[in-house]
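What follows is one structure encoded as structure tokens, with my remarks underneath.
Each value in this text was obtained by applying a stated rule to the coordinates, not by laboratory testing. Note that the coordinates shown come from a computational prediction; the quantities given were computed from them, not determined experimentally. Cβ sites come from the backbone with ideal geometry, for glycine too, and all protein chains shown count toward neighbours.
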Amino acid sequence: MTSTLERPERATRSSRPSSPARQRTRSSEGRRGRILTYVSMSILAVFFLFPLVFMFVSSLKPDAQILRDINSPAAFLPTGEISLDNYFGVFDRVPVAQFLFNSILVTVLTVGLGLIVNSLAGFALSRLRWKGRVVVLALIIATLIVPFETIAVPMVYWVNQLPTLVMEGGVLKYDFGWLNTYQVQIVPFIANAFSIFLFAQYFSTIPASLDEAARIDGASWFTIYRRIIVPLSGPAFATVAILTFLPAWNQYLWPLMVVQKEELRPVMVGMQYFFQLNTAWGEVMAYTSLITLPVLIVFLIFQRAFVSSIAASGVKG
């Protein structure tokens, strides 16, 4: 009888609101946790910002001062002989505008064409039912373990055997060899194994009933891809665009091997101009600042889309 009477009393105690002291304790603990999180994130952000701050500050200093301040906090402060002479020296030494144009052209075309080709391949591997698709996907994934350096030399040989059209004296002629062209910097990197795998994984999470309903209405597979799959896969497209943009912008080894004409070189190859004879560290920092600014601007403009797309793809995948 006593235990029966105690049960409602215990239930009543558990349903009572917590005391103000306990609420204050919880709120103070939560506040301390948030402060600790913000402090840790701020320290980490400052740690990652140090190289960028050093680069931008050093681009305003002469070489002697850069070397003199390297072992002191002054290396991160715009003190001393501050000027834009290094930037003027960069434009005198290399064709920065041409290099930037080449990199922007190559990057935009590589990312744009890659989104189309890789998404179509991912669609075929995830939504269509055909024999051998699992084997094909496995072979595509297996290529991820092959370093690019191991196939770079054979690729140079094969691209030099590809047919092309050239303009000579106002006449269009048929020739062989893609060396010293824009397409040799773009075409080999359009198809990407990781991008195909990411698209295939994301597309497989979309209900197949949508395809069946569209097929009943007479839609073709390309119509399903264009009107159903693509609108529902914004996070996947954004993630692939992000992951393709940086490697395309940072290309160095491949353009160095296949492009000898200065007017076709990207910005990263232009770095070698500053390490001939005596290295001008101020101009190096100014040049790296110039080629880093476009990436920072793109990130700051699309920062929210970058974070949300990667997070959404991680949840979906």
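The table for this structure:
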{"item": "Relative contact order for the range 26-114, counting Cα pairs under 8 Å that sit 6 or more residues apart, in percent", "result": "22 percent"}
{"item": "Relative contact order of the range 77-231, pairs being alpha-carbon contacts under 8 Å that are 6 or more residues apart, as %", "result": "31 percent"}
{"item": "Translational diffusion coefficient (Stokes-Einstein; Kirkwood radius from C-alpha pairs) of the range 18-162 at 20 °C, 1.002 mPa s, in µm²/s", "result": "95 µm²/s"}
{"item": "Quarter of Cα convex hull surface for the range 120-273, i.e. mean projection, nm²", "result": "12.7 nm²"}
{"item": "Distance in nm between pseudo-label sites at Ser220 and Leu162 (7 Å out along the Cβ direction from Cα)", "result": "2.7 nm"}
{"item": "Volume of the Cα convex hull of the range 183-265, divided per residue and given in Å³", "result": "109 Å³"}
{"item": "Separation in nanometres of the label points that stand 7 Å from Cα toward Cβ, at Ile70 and Gln260", "result": "3.5 nm"}
{"item": "The chain - percent relative contact order, Cα under 8 Å, separation 6 or more", "result": "27 percent"}
{"item": "10 Å Cβ shell holding at most 10 others, DSSP loop, trypsin sites (Lys or Arg not before Pro): longest site-free stretch of the chain", "result": "132-260"}
{"item": "Ranked by how many other beta carbons lie within 10 Å on average, peptides 73-79, 110-116 from highest", "result": "110-116, 73-79"}
{"item": "Calculated diffusion of the chain, Stokes-Einstein form, Kirkwood radius summed over Cα pairs, 25 °C and 0.890 mPa s, µm²/s", "result": "99 µm²/s"}
{"item": "Kyte-Doolittle mean at least 0.5 and Cα axial length at least 18 Å: DSSP H helices in the chain", "result": "96-126, 234-249, 281-301"}
{"item": "Cα principal axis extents for the range 125-171, largest first, Å", "result": "51, 29, 12"}
{"item": "Separation of the Leu253 and Ile145 label points, Cα + 7 Å toward Cβ, nm", "result": "1.9 nm"}
{"item": "Gaussian network model of the chain, Cα within-10 Å springs - most flexible of Ser83, Ser103, Ser209", "result": "Ser209"}
{"item": "Net charge contributed by nearby residues that have their C-beta within less than 13 Å of Thr223 (K/R +1, D/E -1)", "result": "+2"}
{"item": "For the range 53-134, convex hull of alpha carbons as volume per residue, Å³", "result": "175 Å³"}
{"item": "Mean Cβ count within 10 Å, highest first, over the residues of peptides 243-249, 145-151", "result": "243-249, 145-151"}
